[in-house]
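Asks: Have a look at the structure that comes next, please.
What follows is calculated from the coordinates using simple rules that are stated; it is not laboratory data. None of the values given here were measured: they were computed from a predicted structure. Heads up, the Cβs are rebuilt from the backbone with ideal geometry, glycines too, and the neighbour counts pull from every protein chain shown.
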Amino acid sequence: MTATAPRFGSAPLVRLLLVTTVLLGTVFTVLSGTASAHAALTGSTPEDGAVVATAPKDISLTFSEQVAMGDNSIRVLDPSNKRADAGKIRDLSSGGTVTYGIDLHPGLPDGTYTVAWQAVSADSHPISGAFTFSIGAPSKTTATVPTEEAGGGLVGVLYDIARYISYAGFILLIGGAAFVLGCWPRGASVRPLQRLVVQGWLTLTAATLALLLLRSPYTGSGKLGDAFDLGGLQDVLATKTGAALVSRLLLLGAAALFVAVLFGAYAKRETPRDEEESKERKDLTFGLAVGGTVVAAGIAGTWALAEHASTGIQTGLAMPVDVLHLLAMATWLGGLTALLVALYRAPSIENAAVRRFSRIAFISVVVLAATGLYQSWRQVGSWSALWGTSYGQLLLVKVGLVAVLVGIAWFSRRWTERLGQRAEAGTEAGTGQGAGAENESKAEAEAATGSETGSGTETAAATTVVDDSERATQLARQKAALASARQKRIRDADPGRIGLRRSVLAEAGVAVVLLAVTTVLTSTEPGRTAEQEAGATGGAAATAPATEGPLALTLPFDTGGENGEGTVRITLDPGRSGANEMHIYVDGPDGQPLDVPEVKAAFTLTAQQIGPLPITPEHFAPGHWSADAVQIPMPGDWQLQLTIRTSDIDQTTVDKNVKIG
């Protein structure tokens, strides 16, 4: 008796892959956090911390690159936390600068005002921040701004999960259809493969709709209930990301027609009866191949339009390269999933189909390597960014997973070769087994027939004789079921097919993790821009080490005049991007407080050409100066310049590079 190899059922296998996919997507989403964006606030009028004599007519914000803003993206709050702006945002950009402004109510009273802003950077990621200015003199304020970063919270998690699921649906839809059309045309009539491709279409469509609804709260309020706000949805449709998502939905309508033809007219022409039908099938195959490629490229282009490929350097080349990268990934990983389903659920699959997929998978890997190499150079930019940024580290993890996947694929290829070499011997063995199984089937059929005959004899007196055509139909169904069971027993007993199944299942498991890392990469700031933001200036001043808490520095100074020597101690709390409190202590050579006429400070981020951002601290006590709400717009290696004046004519400026997280 031949031992039957263990075989996974359809439901457990699908549930296992689905649960693993969702769990990994959730874990990677939570671990990735809010993505860092490219754009940053580089200036404002009035400046952060400024004290103006009279109330300005408007507020203006300048950004390092193009951003998108909604009607409620800039809010000005008075000291009592009431809106002080007119609510209409104006685009003041000109001459290469990106500036937005908002009018203020006339006759604003003296006090400290808070400006809270949020926007969407060119690569679709949300950014936000706040700063203060005072009219007349600073005052206490009860104005509150959201403490949660844009794109975070529950909405951010749901949005990133939807992005992950949309990638998975794209892979199943495109890769499954490509497998059927290019590797196994007979698979068009196999129900499990039909369900796989249709589920991919449904998954991608549902995820795209979810992204469209979640986009407004993701880039705005962060409240899940705003997902069904029609006004917010209208604002989203006017953005680049909204246009990309709507285009994807329209293309999915065309994809639905493609799937209907593939599993309808194409599947019915599986075995042409004459030369004319054979020509029609070739024409249909060509039409599906061309049309499917166009639709698939269009869907992939919706990601390239709204993600990293559309920003940065060489966008004209980066976007088509990104489309090729996505198509190659879908063909490889989606075809792998289709092969896995065929190996476990289809009654049989030709060795030629497996070998064709092996060749297509090899071509896909070559395309992935070439496009990935270009993308890595474009997004990372340097070896230091590869090791020293989150994007570079995730990219290394992705490369490692691809290497593992290729290694497992090598074993799958070996099993495929063995199946090909043993095809003839396997056929002979299958014939012998088939003969034994046929005898067994005949016995089972006779027993079934006898049972029916006996039953029919007992009821002959009370009922009419069963129609011969109905009996023939029943016997045909029985024979088909027995033949299918016999094929499955032969298939499951083949050690070569068992080995191929296991290796393909291992590939699919690694592919799920690879997809999760890829999703996180698309929401992580590229290493090139991250290094520019945090890169050292390379000047004579040393860079202070990063600290976990408040930043503390001690610098010597010498103005050259009488009592012009001493040290200055600076603390910046909490020492990270956003609002900080700054204290400056000036000590003489004896270590005692030195009361000097003036102290000024400025921060400059040379890599991004931000600043200098001036800070005018207030004299708090002898030798002690302080400044509240020192706004650092983004993390990076900032150059701190400190000017100390010890007399009317004696002053000096000392500087130091400080790393602010």
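Asks: Scan around residue 565 for amide H atoms under 5 Å from its own, H built in the peptide plane at 1.01 Å from N, and keep only partners 5 or more places away or cross-chain.
Replies: Result for residue 565 returns 559.
Asks: With 30 Å as the limit, write out which pairs from 140/656; 223/398; 600/659; 223/659 have Cα-Cα distances beyond it, or answer none. Could you put the intermediate results ahead of the total?
Replies: Numbers: 140/656 32 Å; 223/398 33 Å; 600/659 20 Å; 223/659 33 Å.
Listed pairs above 30 Å: 140/656; 223/398; 223/659.
Asks: Another question about this same structure. Normalised by the number of residues in region 570-635, what is the relative contact order in percent for Cα pairs under 8 Å and 6+ residues apart? Each step should come with its number before you reach the end.
Replies: Working: 115 pairs, mean separation 26.2, N = 66.
It rounds to 40 percent for region 570-635.
Asks: Right, something else. What order do you get for 349-361, 94-106, 318-330 when each peptide is scored by the mean count of other beta carbon atoms within 10 Å, highest first? Please list the in-between numbers first.
Replies: Details: 349-361: 18.8, 94-106: 14.4, 318-330: 21.9.
Output ranking for 349-361, 94-106, 318-330: 318-330, 349-361, 94-106.
Asks: Based on a Kirkwood Rh over C-alpha pairs, give the Stokes-Einstein translational diffusion coefficient of region 553-645 at 20 °C and viscosity 1.002 mPa s in µm²/s.
Replies: Numbers: Rh = 13.7 Å.
Roughly 156 µm²/s, to the nearest whole number.
Asks: Quick one: Karplus J couplings for region 647-657, per residue in order, coefficients 6.51, -1.76, 1.60, θ = phi - 60°, nearest Hz, x for Gly and Pro?
Replies: 7, 5, 10, 9, 8, 8, 10, 10, 9, 7, 7
Asks: Okay, moving on. Need the C-alpha centroid separation for region 294-329 versus region 222-268, integer Å.
Replies: 18
Asks: Hey, quick one: spin label on residue 82, modelled 7 Å out along Cα-Cβ, who in region 39-62 has an amide N within reach, i.e. under 18 Å?
Replies: Residues 55-56 qualify, since their backbone N sits under 18 Å from the label point.
Asks: Here is a further query. Residue by residue through region 601-607, what is 3J(HN,Hα) from phi via Karplus (6.51 cos²θ - 1.76 cosθ + 1.60, θ = phi - 60°)? Round to whole Hz and write x for glycine and proline.
Replies: Along region 601-607, the couplings run 9, 7, 10, 9, 9, 4, 4 Hz.
Asks: Would you work out which of 252, 267, 239 lies farthest towards the positive end of the dipole of region 231-282? Charges go on Cβ: Lys and Arg +1, Asp and Glu -1.
Replies: 239
Asks: For the peptides 231-238, 58-65, what is the packing order when you average, over each peptide's residues, the other Cβ atoms within 10 Å and list the highest mean first?
Replies: 58-65, 231-238
Asks: On to the next question. Across region 610-661, what fraction of all alpha-carbon pairs, as a whole percent, falls in each successive 5 Å bin from zero upward?
Replies: 5, 14, 22, 27, 18, 10, 3, 1
Asks: How big is the Cα convex hull of region 209-295 in projection, averaged over all directions, in nm²? Don't skip to the end; give the middle numbers.
Replies: Working: hull surface 27.9 nm².
Across all orientations, region 209-295 yields a mean hull projection of 7.0 nm².
Asks: Within a Cβ distance under 13 Å of residue 140, other residues only, what is the Lys/Arg minus Asp/Glu net charge? Could you put the intermediate results ahead of the total?
Replies: Working: positive: none; negative: 78, 110, 628.
Taking every other residue near residue 140 into account, the sum is -3.
Asks: If you average the sequence gap of Cα pairs under 8 Å that are 6 or more apart and divide by the length of region 107-262, what percent do you get for the contact order?
Replies: Values: 194 pairs, mean separation 34.2, N = 156.
Relative contact order of region 107-262: 22 percent.
Asks: When only Cα pairs under 8 Å and 6 or more residues apart are kept, what is the percent relative contact order across region 207-284?
Replies: Working: 41 pairs, mean separation 17.7, N = 78.
This gives 23 percent for region 207-284.
Asks: Moving to a separate point now. Normalise the Cα radius of gyration of region 137-228 by 2.2 N^0.38 Å (N = residues in it) and let me know the number.
Replies: Details: Rg = 20.8 Å, N = 92, 2.2 N^0.38 = 12.3 Å.
Here the answer is 1.69, to two decimals.
Asks: With the Cα gyration tensor of region 257-342 in hand, give its eigenvalues times 5 under a square root as the equivalent ellipsoid semi-axes, listed largest first in whole angstrom. Don't skip to the answer; put the middle values down first.
Replies: Details: eigenvalues 226, 45, 19 Å².
Each semi-axis is the square root of five times an eigenvalue, giving 34, 15, 10 Å.
Asks: Please compute the net charge surrounding residue 630, taking Lys and Arg as +1 and Asp and Glu as -1 over other residues with Cβ under 11 Å from its Cβ.
Replies: Within the 11 Å Cβ shell, the charges total -4.
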